[in-house]
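To start, the structure itself, in structure tokens.
The values are calculated or read from the model by the stated rules, or taken from the named source; none is laboratory data. All figures in this text were calculated on a predicted structure; none of them were measured in a lab. Here the Cβ positions follow ideal geometry from the backbone for every residue, glycine too, while neighbour counts run over all protein chains shown.
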Amino acid sequence: MSERIQAPRGTFDVLGDDALARDRLVETARRVLEPAGYARIETPTFEATELFARGVGESTDVVQKEMYTFDDGGGGSVTLRPEGTAPVCRAYLEHGMHKLPQPVKLWYLSSFFRRERPQQGRFRQFWQIGAEAIGSDDPAVDAESILLLAEILEAIGARGLRLRLASLGRPASRAAYRAELTAHLRANQDRLSPEVRERIDLNPLRAFDADHPGTREVMEGAPRLLDFLADDDHEHFEAVKALLDAAGVVYEPDSTLVRGLDYYTRTVFEYTSDALGAQSGVGGGGRYDGLMEQIGGAPAPGMGWAAGVERMLLASPPQPVAPPPVDLYVAYAKPEHRAAAFRLAADARRAGHASRLELAGRSLKGQLKQAGRAGARYVAILGDEGTSLKDMETGEQKTVEPDAVMHHIRGTL
Ligand code: HAM
């Protein structure tokens, strides 16, 4: 026998109760997002590499080392999407969505790909539920977006949550801050990890994210971005916080919050859960007012978030998942009844009843056992003496005309 082929590292199959739990999570998200005006969007699994290189940022880990990039066979380079914001912005531009009433609100449930080291809660193919609101820089957009994720996490009973919130300001104030921070890092470079030292100029903000003890000490004394915000950015941030306060959303202002993607301006936030291990990020996002221009479009502000489906499920208690109900199980005694049984099951489905048909050549006894296991409400048994219908709830069994099965069950289901 040849060697059995396994799923690639960092990927997983979704089946059984996990599949049902996912469906329920997605339904919860839909129930929260759609009444708030978010419409579903699905973008392609791969995009031009340039979209992420420019959109997500050349200096990010995602672009530098985590993308699955390949030749498209026609001289172009394409990449399996590592995130959803740049693709949604591309779609906004491509479909002229600026002509619609703003902000345009879109949500997605998609799988994403990052070549990361797999571990608990960190995969190479994972799923996100995400929501983007494009076309308005009103602080109420930020607060509403965060509130919607809070509502989803609450609805699924996610445990041990913390919401960290910061503002990065706009590029101008960030440049001034960056110069200060770089100077601070340079002055203390001997105590930094080699990785941070090498990237002082490329991405000094990432130093806040380091686990390295020396780096952490240096960062405790580092200048804070929130102290450098321009007046209007500061006002914007204060307004977002006031709206979250009004909605009763609890958050921790945290100027050390670092997001792994470069497109953020002003508001950034992240939900973590202490029910997760080292990969504690459940979901996060922020404002990206410059992203449209970076990918070649007319300016349009945007705000959104994405939350990992696997991490949301890991952070919430397992809930009993009921298998879908079976209204009618169609059993038959001999192969010559198969066609009639097949027709009955099909008719029942057409009439809106969940119906199952014996498909594995079991004995009649085996079929009845199977019907019991599936929790069927009725079992129709087709035999030489006609069709009998058993009500599994009452145990009552009667002989009926084959065409009358539906008539009998309709009233009770
Ligand atoms: P992100 O923080 O890179 O943001 O990812 C969002 C969430 O996706 C994380 O909080 C985590 O739950 C999940 N996630 C990320 N990487 C993995 C992985 N390797 N395995 C499992 N789960 C993972 C974004 O992707 C932005 N596009 C969010 C956004 C939307 N910002 C504005 N709009």
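Tabulated results
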{"read-out": "Single unsatisfied condition, residue 174 versus (1) loosely packed, with under 14 Cβ neighbours inside 10 Å; (2) touching a helix residue (DSSP H, G or I) at 6+ places or on another chain (Cβ under 8 Å); (3) modelled with pLDDT under 95; (4) not acidic (Asp, Glu)", "value": "(1)"}
{"read-out": "Filter result (part of a loop (DSSP other than H, G, I, E, B) and either more than 12 Å from the ligand (Cβ to nearest atom) or aromatic (Phe, Trp, Tyr) (or both)) within the range 105-159", "value": "123, 135, 136, 137, 138, 156, 157, 159"}
{"read-out": "Unmet criterion (only one of (1) within 16 Å of the ligand (Cβ to nearest atom); (2) buried (at least 18 other Cβ atoms within 10 Å of the Cβ)) for residue 200", "value": "(1)"}
{"read-out": "Selection within the range 260-294 - surrounded by fewer than 19 Cβ atoms within 10 Å (Cβ to Cβ) and among the hydrophobic types (A, V, I, L, M, F, W, C)", "value": "275, 278"}
{"read-out": "Tabulated pairs, the range 289-302, first at pLDDT below 95, second buried (at least 20 other Cβ atoms within 10 Å of the Cβ) and not in a loop (DSSP other than H, G, I, E, B), C-beta under 7 angstrom, 6+ apart or interchain", "value": "none"}
{"read-out": "Among the residues listed as 277, 302, the single one being touching a Phe, Trp or Tyr at 6+ places or on another chain (Cβ under 7 Å) and either in the same structural domain as residue 166 (by TED's automatic domain parsing) or within 9 Å of the ligand (Cβ to nearest atom) (or both)", "value": "302"}
{"read-out": "Residue within the range 86-95 that is outside any loop (DSSP other than H, G, I, E, B), more than 10 Å from the ligand (Cβ to nearest atom), farther than 27 Å from residue 196 by Cα and touching a His at 6+ places or on another chain (Cβ under 8 Å) present", "value": "yes"}
{"read-out": "Of residues in the range 160-171 being assigned to a loop (DSSP other than H, G, I, E, B) and at pLDDT below 95, the one surrounded by the most Cβ atoms within 10 Å (Cβ to Cβ)", "value": "168"}
{"read-out": "Set 257, 261, 276, 226: member being in contact with a Ser or Thr (Cβ under 8 Å, 6 or more places away or on another chain), hydrophobic (A, V, I, L, M, F, W, C) and assigned to a loop (DSSP other than H, G, I, E, B)", "value": "261"}
{"read-out": "Segments classed as strands (runs of 3 or more DSSP E), wholly inside the range 290-362, with at least 1 members that are basic (Lys, Arg)", "value": "355-357"}
{"read-out": "Residue in the range 13-28 that is of a type outside the set (Gly, Ala, Ser), assigned to a loop (DSSP other than H, G, I, E, B), within 16 Å of the ligand (Cβ to nearest atom) and farther than 25 Å from residue 152 by Cβ present", "value": "no"}
{"read-out": "Single residue of the range 129-151 satisfying the filter (crowded, with 22+ Cβ neighbours inside 10 Å and of a type outside the set (A, V, I, L, M)) that is farthest from the chain's Cα centre (by Cα)", "value": "139"}
{"read-out": "Residue within the range 243-259 that is in contact (Cβ under 8 Å) with a residue 24 or more places away in the chain and within 8 Å of the ligand (Cβ to nearest atom) present", "value": "yes"}
{"read-out": "Residue that is farthest from residue 133 (Cα to Cα) [pool: residues in the range 305-334 that are more than 14 Å from the ligand (Cβ to nearest atom) and aliphatic (A, V, I, L, M)]", "value": "333"}
{"read-out": "Residue pairs meeting the criteria (Cβ under 8 Å; at least 6 apart or on separate chains; first aromatic (Phe, Trp, Tyr), in the range 50-68; second part of a helix (DSSP H, G or I) and within 11 Å of the ligand (Cβ to nearest atom))", "value": "52/62; 52/86"}
{"read-out": "Residue that is nearest to the ligand (Cβ to nearest atom) [pool: residues in the range 280-299 that are more than 27 Å from residue 158 (Cα to Cα) and of a type in the set (Gly, Ala, Ser)]", "value": "290"}
{"read-out": "Unmet criterion (only one of (1) touching a Gly at 6+ places or on another chain (Cβ under 6 Å); (2) within 12 Å of the ligand (Cβ to nearest atom); (3) under 26 Å from residue 241 (Cβ atoms)) for residue 102", "value": "(2)"}
